[in-house]
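Student: I have a structure I would like to understand better, so I am pasting it below and will then ask my questions one at a time.
The values are calculated or read from the model by the stated rules, or taken from the named source; none is laboratory data. What you see is a predicted model, and the numbers here were worked out from it, not measured in a lab. Every residue, glycine among them, receives a Cβ derived from its backbone with ideal geometry; neighbour counts consider all protein chains shown.
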């Protein structure tokens, strides 16, 4: 796509963001569908929302790292099919990419969506035995509320341990515009989800960050008004670095809360190098990671 055409799409996205229409619909229509093999509607649980889609690279899947991606939506909404552009962006670059649904409010409250994220990740880990001769490094990734889910899996060992996994099986994690420390809760939409005013401190990813945490790639949009980039990405970066954890952090002046994930789509990758930085982080830490006995 030319720069001129991409600018038209940007204008369209800006219009859609001001309406009730999802900006992801036109994005996915413009994303290639011949750069990966899709394994759709894979169940990792019995609930209708406990399903995931797997985007396989056309070549080299047996030796490819794996990224499990969780979308945002304030733990109230979201659909894995809307994030086909994320699956395509990474699978076309040689990364097995899994986009998982999880249960949301009002069907569930904290910590059920974290439990679902852990179950999906454990399902993928087991499936690697049929995809690969040797399990390759695994990463968890998310945007907004999904970044919270990914952070909880990476930083709080309780969730994956329920599925027989240990912290060393996560080679790294990636968070885009994630809420990592949001007590006391101000957003009225989030209060019932986290049992306000009785929200446990242990529900906050920031609480669990320490020397045992895996490498992190944290990304945020400086103008973000929904999730404060300094309180969340900035504070977590500082805490992890002070604990000796390898953290790579990027801030983007030209993006906001939604466009930071949308620019991963093929037609918009010229805008900011988000997908390049995710790919580079995964590949670098895949090379550095040694597979534990399992």
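Student: Of the residues that make up the range 240-258, is at least one under 17 Å from the mean Cα position of the chain (by Cα), within 27 Å of residue 108 (Cα to Cα) and at pLDDT below 95?
Tutor: Looking for residues that are under 17 Å from the mean Cα position of the chain (by Cα), within 27 Å of residue 108 (Cα to Cα) and at pLDDT below 95, one finds at least one in the range 240-258, hence yes.
Student: Being out of contact with any helix residue (DSSP H, G or I) (no Cβ under 6 Å at 6 or more places or on another chain) and part of a loop (DSSP other than H, G, I, E, B) is the filter; apply it to the range 213-234 and report the residue that is farthest from residue 159 (Cα to Cα).
Tutor: Filtering the range 213-234 for residues that are out of contact with any helix residue (DSSP H, G or I) (no Cβ under 6 Å at 6 or more places or on another chain) and part of a loop (DSSP other than H, G, I, E, B), the one farthest from residue 159 (Cα to Cα) comes out as 223.
Student: Scan the range 118-157 for residues that are at pLDDT below 95 and within 13 Å of the chain's Cα centre (by Cα) and report the count.
Tutor: The number of residues fulfilling the criteria is 0.
Student: Filter the range 90-117 down to the residues that are within 13 Å of the chain's Cα centre (by Cα) and assigned to a helix (DSSP H, G or I) and list them by number.
Tutor: Those that are within 13 Å of the chain's Cα centre (by Cα) and assigned to a helix (DSSP H, G or I): 90, 114, 117.
Yes/no matrix, rows are residues, columns are (1) modelled with pLDDT under 95; (2) surrounded by fewer than 16 Cβ atoms within 10 Å (Cβ to Cβ); (3) under 28 Å from residue 169 (Cβ atoms):
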site: 2; (1), (2), (3): yes, yes, no
site: 11; (1), (2), (3): yes, yes, no
site: 14; (1), (2), (3): yes, yes, no
site: 19; (1), (2), (3): yes, yes, no
site: 41; (1), (2), (3): no, yes, yes
site: 65; (1), (2), (3): no, no, yes
site: 71; (1), (2), (3): no, no, yes
site: 75; (1), (2), (3): no, no, yes
site: 85; (1), (2), (3): no, no, yes
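Student: Let me ask something else. Residue check: is residue 110 touching a residue at least 40 places away in the same chain (Cβ under 8 Å), surrounded by fewer than 22 Cβ atoms within 10 Å (Cβ to Cβ) and over 26 Å from residue 269 (Cβ atoms)?
Tutor: For residue 110, the condition - touching a residue at least 40 places away in the same chain (Cβ under 8 Å), surrounded by fewer than 22 Cβ atoms within 10 Å (Cβ to Cβ) and over 26 Å from residue 269 (Cβ atoms) - is met.
Student: Further, regarding this structure: What number of residues within the range 164-189 satisfy the criterion of being more than 21 Å from residue 223 (Cα to Cα), part of a loop (DSSP other than H, G, I, E, B) and in contact (Cβ under 8 Å) with a residue 60 or more places away in the chain?
Tutor: The number of residues fulfilling the criteria is 3.
Student: State whether the residues of the range 255-273 include one that is over 16 Å from residue 82 (Cβ atoms) and not in a loop (DSSP other than H, G, I, E, B).
Tutor: No: zero hits.
Student: Determine which single condition residue 135 fails, assuming it passes every other condition in (1) closer than 17 Å to residue 54 by Cβ; (2) buried (at least 19 other Cβ atoms within 10 Å of the Cβ).
Tutor: Every listed condition holds for residue 135 apart from (2).
Student: Does residue 193 qualify as being in a loop (DSSP other than H, G, I, E, B), crowded, with 16+ Cβ neighbours inside 10 Å and touching a residue at least 60 places away in the same chain (Cβ under 8 Å)?
Tutor: Spelling it out, residue 193 is indeed in a loop (DSSP other than H, G, I, E, B), crowded, with 16+ Cβ neighbours inside 10 Å and touching a residue at least 60 places away in the same chain (Cβ under 8 Å).
Student: Within the set of pairs 6+ apart or on separate chains, which have a first residue in the range 138-163 that is at positive phi and free of Cβ contacts under 8 Å to residues at least 40 places away in the same chain, a second that is surrounded by fewer than 24 Cβ atoms within 10 Å (Cβ to Cβ) and assigned to a helix (DSSP H, G or I), and C-beta atoms under 7 Å apart?
Tutor: none
Residue by residue, here is whether (1) out of contact with any strand residue (DSSP E or B) (no Cβ under 8 Å at 6 or more places or on another chain); (2) crowded, with 16+ Cβ neighbours inside 10 Å holds:
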position	(1), (2)
202	yes, no
214	no, yes
227	no, yes
239	yes, yes
257	no, yes
269	yes, yes
275	yes, yes
279	yes, yes
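Student: Another question, if that's okay. Do we find that residue 35 is in contact (Cβ under 8 Å) with a residue 40 or more places away in the chain and within 19 Å of the chain's Cα centre (by Cα) in this structure?
Tutor: No.
Student: Those residues that are more than 13 Å from residue 80 (Cα to Cα) and either in a strand (DSSP E or B) or out of contact with any strand residue (DSSP E or B) (no Cβ under 8 Å at 6 or more places or on another chain) (or both), I need them from the range 32-44; list them, please.
Tutor: Passing the criteria: 32, 33, 34, 35, 36, 37.
Student: Identify, please: which residue in the range 49-66 is over 16 Å from the mean Cα position of the chain (by Cα) and assigned to a loop (DSSP other than H, G, I, E, B) and is, among those, farthest from residue 286 (Cα to Cα)?
Tutor: The extreme case among them is 49.
Student: Might you check whether a residue that is surrounded by fewer than 19 Cβ atoms within 10 Å (Cβ to Cβ), in contact with a helix residue (DSSP H, G or I) (Cβ under 8 Å, 6 or more places away or on another chain) and in contact (Cβ under 8 Å) with a residue 24 or more places away in the chain occurs anywhere in the range 115-129?
Tutor: no
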